[in-house]
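The structure under discussion appears below in the form of structure tokens.
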Ligand SMILES: [Zn+2]
Ligand SMILES: [Zn+2]
């Protein structure tokens, strides 16, 4: 990839403006009166957005790591959409391209280009993805009308949530209770693309063709997504933390769904495939 000419950044000013506004509004939480319930609510919001993303968008939609009822799928996806990440059609296309070309020519977000580009640059770069990539990469989910609706109205779930919470809790409570945990989760997901492809920041117990890396502190922040070398070795696994000590709340949540009868055909690697989980 280093020998490939790097195309110039085609900055999307609307996306930049959106990111600046949500980060600035989130930061205002530190200057506004904070209600007593703000901290527990912020933690709940962070975990809900996180599980929607890691369990719903990533493990379920992108990798079919398990099966579940349609209402569970749509609930998880809608939670993920509250961070403005875009329809599952866009998200899955980008992510599947990443897996197909990880750290090589064609990867959407590799630190081989620069750490900043992998973290945030690709999001503001109109040249990083194609608006119709999903037609090639997401044939398995093109039948969902809801996902096509989200393609056109990707910010609607987020805007509706902001308005409802603003009216119910009061506008001064909104940054601490929703916007700050939302932005923190966005940054945690960005770290999976950036830090978890920098071998210096972690370990690579699995032999993969890319630079994917297990970074424990990203797993703490991103609810198990930091075991990224494990994930690239066996992308279809619902479980990212393979050892008992590898913190993976996404896996715990899937197991909970399974025990409630809301998830089945849960896929995990066999011992032969990857020195499988010890628990
Ligand atoms: Zn990766
Ligand atoms: Zn993946």
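The values are calculated or read from the model by the stated rules, or taken from the named source; none is laboratory data. In this text the structure is predicted, and so the values were computed from the model without any measurement. Cβ sites come from the backbone with ideal geometry, for glycine too, and all protein chains shown count toward neighbours.
Conditions tested, residue by residue: (1) at pLDDT 95 or above; (2) in contact with a helix residue (DSSP H, G or I) (Cβ under 8 Å, 6 or more places away or on another chain).
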| residue | (1), (2) |
| --- | --- |
| 51 | yes, yes |
| 62 | yes, yes |
| 66 | yes, yes |
| 78 | yes, yes |
| 93 | yes, yes |
| 107 | no, yes |
| 135 | no, no |
| 147 | yes, yes |
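Residues checked against (1) within 16 Å of ligand 1 (Cβ to nearest atom); (2) within 29 Å of residue 252 (Cα to Cα); (3) assigned to a helix (DSSP H, G or I); (4) in contact with a strand residue (DSSP E or B) (Cβ under 8 Å, 6 or more places away or on another chain):
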residue: 25; (1), (2), (3), (4): no, no, yes, no
residue: 35; (1), (2), (3), (4): no, no, no, no
residue: 43; (1), (2), (3), (4): no, yes, yes, no
residue: 56; (1), (2), (3), (4): no, yes, yes, no
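Could you tell me whether any residue of the stretch 219-239 is more than 21 Å from residue 96 (Cα to Cα) and out of contact with any helix residue (DSSP H, G or I) (no Cβ under 6 Å at 6 or more places or on another chain)? Yes, that holds for at least one residue. Taking the criterion of being in contact (Cβ under 8 Å) with a residue 24 or more places away in the chain, touching a strand residue (DSSP E or B) at 6+ places or on another chain (Cβ under 8 Å) and within 10 Å of residue 248 (Cβ to Cβ), the residues of the stretch 209-235 that qualify are 219, 226, 230. Considering the stretch 92-118, and only residues there that are in contact (Cβ under 8 Å) with a residue 24 or more places away in the chain, part of a loop (DSSP other than H, G, I, E, B) and within 11 Å of ligand 1 (Cβ to nearest atom), the residue that is surrounded by the most Cβ atoms within 10 Å (Cβ to Cβ) turns out to be 109.
Condition check for residue 258 on (1) in contact with a helix residue (DSSP H, G or I) (Cβ under 9 Å, 6 or more places away or on another chain); (2) away from ligand 2 (no atom under 16 Å from the Cβ): one failure, at (1). Of all residues in the stretch 179-203, exactly one satisfies the criterion of being surrounded by fewer than 20 Cβ atoms within 10 Å (Cβ to Cβ) and within 16 Å of ligand 2 (Cβ to nearest atom), namely 190. For the stretch 163-178, taking the residues that are assigned to a helix (DSSP H, G or I) and in contact with a helix residue (DSSP H, G or I) (Cβ under 7 Å, 6 or more places away or on another chain), the one that is surrounded by the fewest Cβ atoms within 10 Å (Cβ to Cβ) is identified as 166. Per the conditions (1) within 16 Å of ligand 2 (Cβ to nearest atom); (2) within 29 Å of residue 178 (Cβ to Cβ); (3) not in a helix (DSSP H, G or I), the sole criterion not satisfied by residue 64 is (2).
Screening 182, 186 for residues that are in contact (Cβ under 8 Å) with a residue 60 or more places away in the chain, part of a helix (DSSP H, G or I), closer than 24 Å to residue 107 by Cβ and more than 16 Å from ligand 1 (Cβ to nearest atom) leaves exactly one candidate, 186. For the stretch 192-209, filtered to residues that are assigned to a helix (DSSP H, G or I) and within 20 Å of residue 234 (Cβ to Cβ), the residue that is farthest from ligand 1 (Cβ to nearest atom) is 199.
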